[in-house]
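K.L.:
Here it is, the structure in full.
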Amino acid sequence: MPESSPPPARPRVLSGIQPTADSFHLGNYIGAVRQWAALQEDFEPFFFIADMHAITVEADPKVLRERSRKSAAQLIAAGVDPQRAAIFLQSHVPEHAQLAWVLMCLTGFGEARRMTQFKDKSAKGGEGAASVGLFTYPMLMAADILLYRPQYVPVGEDQRQHLELTRDLAQRFNHRYKRTFRLPEPYILKETAKIRDLQSPDNKMSKSASSPTGIIEMLDPPSQSAKKVRSAVTDSGTEIRFDEAAKPGVSNLLTIYSALAGRSIEELEKDYQGRGYGDLKGDLADVLVDFVTPFRDRTLELLDDPAELDRILEDGSERAAAVASRTLADVYDRVGFVPRGPVRSAR
Ligand code: ATP
Ligand code: LTN
């Protein structure tokens, strides 16, 4: 019988991002990836590109391959350190799909149907046109997480429901078989969990729903992004004050400013007392340019050396597979699968 894996020396942190756009947007960075870079200091980090999730909707193979490498380069440019963190592609660690199957067998059909992301994403063409993969997306996501027994999963607010399902499935498995999974905690920072569209601040900035002028793509020419900030929608009145209900546009700009400049919202409110929206937008445009310019340069530099990038991903997937294969061995044993040949320890 396989030995139960020992608990890791340092608690782990894990997250993933889908390679479904040519560039990360500011919401991805401020809401999620920035926290990944911060948490890698105190936790054992696992960060991956969810390329298997990306094919739940139709994806051009050539574009998918490009976007996967581009996403990895952007993670590194955003400060995720390949020396510390295992950075890998989901499809390189087959245990994700293997555990997903077991979890699908533990999930109720009605439970899966309640997932709001499925409802939203299948609404366009009707449920009948959506792929079964889109329906089972949350169980693959639960597998992504549970394989690594992380303490924290840093994501934006829109992923909270998937995290809740993940915890339910972990508990169900632990209860039905034997305690195997750690219950992961969502790591969602209230202040930055929802960066809003610059043109319609009632909605989140989103690669699938935002208009081109509402979204800041981090790999766009910085001057273009500066322009978008200068023409962001603000609210009636003139006062620069953080008030999400009455002033969603201005509050969003303050949130972005605070995150990029590392200054508190209160400090910014004080600084801009008696000044107009134009000043705020102009200054934020400068802060944004200072931030995205080195990010973009570093990403392009990394993409210029695809062999090195592939080496980083290979190293990351080896580190990930060492952990994932042990968890899967525990799971297969506990559900009652007969071991195949002599039990192998970590690959
Ligand atoms: P889509 O619009 O297709 O759903 P997306 O723009 O939400 O895509 P994802 O790849 O799904 O992007 O998100 C990657 C990470 O970024 C997730 O953790 C998600 O919660 C976070 N995120 C996405 N948009 C925002 C946003 N506007 N504010 C804060 N976090 C966000
Ligand atoms: N569903 C997430 C991407 C994702 C993920 C994960 C995030 C796939 N697997 C595991 C955290 C942990 C999204 O769309 N942003």
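K.L.:
Excluding Val132 itself, what net charge comes from residues whose Cβ is under 15 Å from its Cβ, given Lys and Arg +1 and Asp and Glu -1?
P.N.:
Net charge around Val132: 0.
K.L.:
With everything on Cα atoms, drop me the angle between helix 277-303 and the longest principal axis of the chain, reported from 0 to 90° to the nearest 10.
P.N.:
Relative to the chain, helix 277-303 is tipped by roughly 40 degrees.
K.L.:
Kindly provide the helix-only [θ] at 222 nm of the chain, computed as the sum of -39,500 (n - 2.57) over DSSP H runs of four or more divided by all residues, to the nearest 500 deg cm²/dmol?
P.N.:
-15500 deg cm²/dmol
K.L.:
Can you bin region 82-159 into rounded, prolate or oblate? Criterion: square roots of the alpha carbon gyration tensor eigenvalues sorted a ≥ b ≥ c, rounded for a/c under 1.5, prolate for a/b above b/c, oblate for the rest.
P.N.:
On the way: a/c = 1.97, a/b = 1.69, b/c = 1.17.
Since a/c reaches 1.5 and a/b is larger than b/c, the shape of region 82-159 is classed as prolate.
K.L.:
Step through the table entries Lys121/Lys178; Lys70/Lys228; Lys124/Lys227, compare each Cα-Cα distance with 30 Å, and write down the pairs that go over it.
P.N.:
Values: Lys121/Lys178 35 Å; Lys70/Lys228 23 Å; Lys124/Lys227 32 Å.
Lys121/Lys178; Lys124/Lys227, as the Cα separations exceed 30 Å there.
K.L.:
Among Val93, Val13, Val335, which one moves the most in a GNM of the chain with springs linking Cα atoms closer than 10 Å?
P.N.:
Looking only at Val93, Val13, Val335, the biggest GNM fluctuation is shown by Val335.
K.L.:
To the nearest 10 degrees, how steep is helix 160-176 against the longest Cα principal axis of the chain, on a 0 to 90 scale?
P.N.:
The helix 160-176 is inclined about 20 degrees to the chain.
K.L.:
Size of the chain along its principal axes in angstrom, Cα-based, largest extent first?
P.N.:
Sorted largest first, the three principal extents are 73, 44, 38 Å.
K.L.:
Which of the listed residues, Tyr29, Tyr332, Val292, is farthest toward the dipole's positive end in the chain, when Lys, Arg count +1 and Asp, Glu count -1 at the beta-carbon?
P.N.:
Farthest towards the positive end: Tyr332.
K.L.:
Something else about it: In region 55-142, which GluC sites (Glu not before Pro) are in a loop and have at most 11 other Cβ atoms within 10 Å, using DSSP for the loop call?
P.N.:
Glu58
K.L.:
Still on this structure: Restricting to the chain, compute how many DSSP beta bridges are antiparallel as a %, nearest 5.
P.N.:
Around 20 percent of the beta bridges assigned by DSSP in the chain are antiparallel ones.
K.L.:
On full extension of the chain, what length is gained from Lys119 through Arg311, given 0.36 nm per residue of separation minus the C-alpha to C-alpha distance?
P.N.:
Gain on extension, Lys119 to Arg311, equals 65.3 nm.
K.L.:
So, one more: Is the shape of region 1-96 best called rounded, prolate or oblate, per the rule: a/c under 1.5 gives rounded, else a/b larger than b/c gives prolate, else oblate, with a ≥ b ≥ c the square roots of the Cα gyration tensor eigenvalues?
P.N.:
Numbers: a/c = 2.45, a/b = 1.31, b/c = 1.87.
The shape class here is oblate.
K.L.:
Taking amide hydrogens as modeled 1.01 Å from N in the peptide plane, which residues meet the under 5 Å criterion relative to Asp243, leaving out close sequence neighbours?
P.N.:
Correct list: Ser251.
K.L.:
I'd like to compare 213-225, 308-320: which one has the highest average count of other Cβ atoms within 10 Å, and what's the full order after that? Before the final figure, lay out the partial values.
P.N.:
Working: 213-225: 18.8, 308-320: 17.0.
The most tightly packed comes first, giving 213-225, 308-320.
K.L.:
Rounded to the nearest 20 debye, what is the charge dipole size of the chain about its Cα centre when +1 sits on each Lys and Arg Cβ and -1 on each Asp and Glu Cβ?
P.N.:
My answer is approximately 1180 debye.
K.L.:
Can I ask one more? Output the relative contact order of region 169-315, whole-number percent, from Cα pairs under 8 angstrom with separation of 6+ residues.
P.N.:
Numbers: 152 pairs, mean separation 29.0, N = 147.
Rounded, it is 20 percent for region 169-315.
K.L.:
So which residue, out of Asn252, Asn174, Asn28, gets the largest mean-square fluctuation from a GNM of the chain using Cα contacts under 10 Å as springs?
P.N.:
Asn174
K.L.:
Within 10 Å of each residue's Cβ, count the other Cβ atoms and sort Arg298, Arg340 from fewest upward.
P.N.:
Lowest to highest Cβ neighbour count: Arg340, Arg298.
K.L.:
For the chain, what's the relative contact order in percent, using C-alpha pairs closer than 8 Å and at least 6 residues apart?
P.N.:
Relative CO of the chain lands at 23 percent.
K.L.:
With angles folded into 0 to 90 degrees, how steeply does helix 306-335 sit against the dominant principal axis of the chain? Use alpha carbons for both and round to 10.
P.N.:
The answer is roughly 50 degrees.
K.L.:
At most 14 other Cβ atoms within 10 Å and a DSSP loop assignment: could you name the trypsin sites (Lys or Arg not before Pro) in region 62-153 that fit?
P.N.:
Values: sites: Lys62, Arg65, Arg67, Arg69, Lys70, Arg84, Arg113, Arg114, Lys119, Lys121, Lys124; in loops: Arg84, Arg114, Lys124.
Answer by residue number: Arg84, Arg114, Lys124.
K.L.:
Rank the residues Leu75, Leu103 as a footprinting-exposure proxy: fewest other Cβ atoms within 10 Å of their Cβ go first. Write down the numbers at each step before the final one.
P.N.:
Working: Leu75 26, Leu103 23.
By the 10 Å Cβ count, ascending: Leu103, Leu75.
K.L.:
Tell me which trypsin sites (Lys or Arg not before Pro) from region 139-227 have a DSSP coil assignment and no more than 16 other beta carbons within 10 Å of their own.
P.N.:
Lys178, Arg179, Lys207
Bear in mind that the values in this text are calculations on the coordinates, not laboratory data. Predicted model only: the values in this text are computed from it and were never measured. A quick note on method: Cβ atoms are made from the backbone with ideal geometry, for glycine too, and the neighbour counts reach across all protein chains shown.
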